[in-house]
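Below is one structure; the comments refer to it alone.
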Amino acid sequence: MHYHMSRLSIAALALSLGLTLALASGQAPSLRTLANERGLLMGGAISSELFNADNPDEAATVNREYNAVVAENAMKMRAIANSPNPGNYLFATADAMVASAQKNGQTVRGHTLVWHDSAPAWIYEIKEKAAMRVAMTQYITTVVRHFGDRINIWDVVNEAISDGPGNPLRNNNPFAVAGPDFIALAFRTAHAANPAARLYYNDYGVEGLNGKSDAMYALVKGLLEGGVPINGVGFQAHLDTNFSVGDSGMQANLQRFRNLGLEVQLTEVDVQMVGNGSEKEKLARQAQVYGELLSTCLAVKCSAFMMWGVSDWTSWRAGGKPLIFDDGYAKKPAYGALIRVLQMAGK
Ligand code: G3I
């Protein structure tokens, strides 16, 4: 009897030791593993921090958790074509990021070809329609061909819709000099340069049902009806903890774009912590919003959930601590919320 008990205890001990070892050896699934199993792109924006030898946590976190990356700034026109000579292209930083992604088996989203912001000075000086069409065509063709099949998803046009009343196209867009069809021109040019690429229109403030998302719906529907090669819509989702996924009508909004036959991606998710309450309460609320964003994304069969950065301290709005890793790269409650939603979603 005594002998039998001991054998049981040894078995129990071995079992619990095995479990402990499994946890200690990091066998908890990563976002990346769970996303891979579900065919979802899960990742975020990367900056030069990725190559900062003083901060190896950035690269370790990106490569452990992300199966997809996007350059926070390195593929913007001001980064690639900043030379006063429009014929000069600077690809070194962007190429290094793509090489890192390839080495680590990550998909790259290209961001972004036509944006009123972060363009070089010489673009704002072009005032003549034909010259702008030439500049746009040359730039888009050169960049899309340069990356070739290394980048098969492009934000072709970013943030073209105004926040103002009626949400027309914004009037401070230098590319609009090319004519009222400048958006169509951008998509057709990108398609010609890489027919295999999935081409996106990307914007912010369009997550829920509202005037701006109505304007975006009308815009992309018009493009489709005109035979313009657009494949998807990117919803940036720069939000804060006051945002209510349910009240905003987000699922119905995303679904109406899916019903047009378009792909849908959340492209720049971050959720600033705002309002009163303890730090713990704010972290819990942030986790809730992250979880609801991902479940809504999955409910409409989105193809990507991309966050705008990695850790809070390198975020473009670090003060709001909007990401899922804290200043020291520890997992925040929002990280756990994403894991749980993926686990519950099944494969
Ligand atoms: O690299 C220069 C540096 O040489 C210079 O000394 C310094 C002085 O200002 O500026 C540096 O460039 C800054 C760049 O970030 C890199 O840090 C730019 O000024 C600054 O404007 C730029 O901000 C970026 C912003 O887009 C404008 O391009 C943010 O990092 C980036 O997070 C933000 O990302 C955008 C998305 O592309 C589109 N959707 C909204 C999102 C947030 O604004």
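The values are calculated or read from the model by the stated rules, or taken from the named source; none is laboratory data. Predicted, not measured: the structure shown is a model, and the values here were computed from it. With ideal geometry, Cβ positions are generated from the backbone for all residues, glycine too; neighbour counts draw on all protein chains shown.
Some values worked out for this structure:
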{"quantity": "Residue, nearest to the ligand (Cβ to nearest atom), within segment 42-62, restricted to residues that are over 11 Å from VAL310 (Cβ atoms) and surrounded by fewer than 22 Cβ atoms within 10 Å (Cβ to Cβ)", "calculated": "SER48"}
{"quantity": "All positions within segment 159-196 that are touching a strand residue (DSSP E or B) at 6+ places or on another chain (Cβ under 7 Å) and under 20 Å from GLU225 (Cα atoms)", "calculated": "ALA160, ILE161, LEU169, ILE183, ALA186, PHE187, ALA190, HIS191"}
{"quantity": "Qualifying positions in segment 207-225 - over 20 Å from the mean Cα position of the chain (by Cα) and among the charged types (D, E, K, R)", "calculated": "ASP214, LYS221, GLU225"}
{"quantity": "Residue count for segment 64-94, restricted to those that are part of a strand (DSSP E or B) and more than 10 Å from the ligand (Cβ to nearest atom)", "calculated": "2"}
{"quantity": "Pairs with Cβ under 7 Å, 6+ apart, first in segment 300-317 and under 16 Å from HIS111 (Cα atoms), second in a helix (DSSP H, G or I)", "calculated": "PHE305/LEU294; PHE305/CYS297"}
{"quantity": "Segment 221-255: number of residues that are without any contact (Cβ under 8 Å) to a residue 40 or more places away in the chain and over 19 Å from ARG198 (Cα atoms)", "calculated": "3"}
{"quantity": "Long-range neighbours under 8 Å by Cβ, at least six apart or interchain, first residue free of Cβ contacts under 8 Å to residues at least 40 places away in the same chain and under 16 Å from ALA92 (Cβ atoms) within segment 54-78, second within 16 Å of the ligand (Cβ to nearest atom) and not in a helix (DSSP H, G or I)", "calculated": "ALA74/SER47"}
{"quantity": "Top-ranked residue of segment 226-273 - restricted to ones that are within 20 Å of ILE161 (Cα to Cα) and among the aromatic types (Phe, Trp, Tyr), ranked as farthest from the chain's Cα centre (by Cα)", "calculated": "PHE257"}
{"quantity": "Only one of GLY246, GLY232, GLY222, GLY261 that is at pLDDT 95 or above, crowded, with 18+ Cβ neighbours inside 10 Å and small (Gly, Ala, Ser)", "calculated": "GLY232"}
{"quantity": "Residue in segment 95-123 that is nearest to the ligand (Cβ to nearest atom), counting only those that are β-branched (Val, Ile, Thr) and out of contact with any helix residue (DSSP H, G or I) (no Cβ under 7 Å at 6 or more places or on another chain)", "calculated": "THR112"}
{"quantity": "Among (1) free of Cβ contacts under 8 Å to residues at least 40 places away in the same chain; (2) under 20 Å from ALA160 (Cα atoms); (3) over 23 Å from the mean Cα position of the chain (by Cα) - the single one ILE126 does not satisfy", "calculated": "(1)"}
{"quantity": "Scan of segment 109-140 for residues that are in contact with a Ser or Thr (Cβ under 6 Å, 6 or more places away or on another chain) and surrounded by fewer than 19 Cβ atoms within 10 Å (Cβ to Cβ), ordered by number", "calculated": "THR137"}
{"quantity": "Which listed residue is assigned to a helix (DSSP H, G or I), of a type outside the set (Ser, Thr, Tyr) and crowded, with 20+ Cβ neighbours inside 10 Å, from ALA186, ALA192", "calculated": "ALA186"}
{"quantity": "Residues within segment 288-325 that are crowded, with 16+ Cβ neighbours inside 10 Å, part of a loop (DSSP other than H, G, I, E, B) and either out of contact with any Asp or Glu (no Cβ under 9 Å at 6 or more places or on another chain) or not aromatic (Phe, Trp, Tyr) (or both), tallied", "calculated": "10"}
{"quantity": "Residues of segment 152-192 classified as over 23 Å from THR267 (Cα atoms), of a type in the set (S, T, N, Q) and touching a His at 6+ places or on another chain (Cβ under 7 Å), total", "calculated": "1"}
